[in-house]
Amino acid sequence: MTIYAIILLVIGACFYFVGLLDSTRLAEGVPSGISLVSQMLPPDFSDAVNWISPLLDTLAMSVAGTAIAIFFSLPLSLLAARNTTPHPVLFHLSGLILNGLRAIPELFMGILFVAAVGFGALPGTLAVGFHSVGMVGKFLSEYIELVNPAPVEAAQAAGANKIQAIYHGIFPQVFPQFMNLTLYRWEYNFRASTIMGAVGAGGIGFELIGALRILQYQQVSALLLVILLMVILVDGFSNYLRKHLK
């Protein structure tokens, strides 16, 4: 049996276990889905003025969370890259930290931070930020390990110390990928920030969960459209920055 056949077999087994092959159940869900969509129309924007502040909270959470990711992922990525870490113990320890931060979902982090610092945008920002540290740090450490060693060796031959060699020989090589990674992560963090309201961490997600709880489906559809518009704007602005930072 080839590797492709094994992969297809595993995928088919997963489809079976999660119910994707249960055609009866899927067919029974179609009328319920149609009914739910009909209840969401037309969208109700009557409370839209009150959504401005939560939207700004969500945007601020995504920006601040991304800034946290940049601040902590830079030193951790240098420690987690084989060609820049000063000691094997620090290499394994930083890798363990990055793996741990990636392994904990943002929603669970949000619950922990709400319990620690209370409700509002702060726990959502911390959850999005520290989860992003794990992702950004992991990718950045891999970029660092793949750099051309020649500029680093040239800097060291010219008398540069370890930090200077990293600054002049490695950072210029990874900066474009790092900027792309940061901007993509910001886009993701905005989407992640919208669900932080499910655990009381503020933002537009809190309004969405509130509307769902009281079965105001027309407000739910309006909020989803507002979130979609904001995602499009964030994505467009991110593309603009990406082009001008090349």
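Values for this structure:
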| read-out | value |
| --- | --- |
| Restricting region 28-65 to residues that are farther than 17 Å from ILE195 by Cβ and hydroxyl-bearing (Ser, Thr, Tyr), the residue that is surrounded by the most Cβ atoms within 10 Å (Cβ to Cβ) | SER53 |
| Condition check for PHE113: surrounded by 16 or more Cβ atoms within 10 Å (Cβ to Cβ), assigned to a helix (DSSP H, G or I) and aromatic (Phe, Trp, Tyr) | yes |
| Candidates SER77, SER62, SER23, SER73, filtered to the one that is of a type in the set (Ser, Thr, Tyr) and free of Cβ contacts under 8 Å to residues at least 60 places away in the same chain | SER23 |
| Residue list for region 1-59, filter: of a type in the set (Val, Ile, Thr) and more than 26 Å from PHE119 (Cβ to Cβ) | THR2, ILE3, ILE6, ILE7, VAL10, ILE11, VAL18, THR24, VAL30, ILE34, VAL37 |
| Matching entry among LEU26, LEU9, LEU21 (being at pLDDT 85 or above, over 28 Å from the mean Cα position of the chain (by Cα) and not assigned by TED's automatic domain parsing to the domain that holds MET179) | LEU9 |
| Selection from region 26-51 of residues that are among the hydrophobic types (A, V, I, L, M, F, W, C) and free of Cβ contacts under 8 Å to residues at least 24 places away in the same chain | LEU26, ALA27, VAL30, ILE34, VAL37, VAL49 |
| Residue satisfying condition, being more than 20 Å from PHE72 (Cα to Cα), assigned by TED's automatic domain parsing to the domain that holds LEU56, in contact (Cβ under 8 Å) with a residue 12 or more places away in the chain and aromatic (Phe, Trp, Tyr), within set PHE119, PHE130, PHE139 | PHE119 |
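The values are calculated or read from the model by the stated rules, or taken from the named source; none is laboratory data. Note that this is a predicted model, so its numbers are computed, not measured. With ideal geometry, Cβ positions are generated from the backbone for all residues, glycine too; neighbour counts draw on all protein chains shown.
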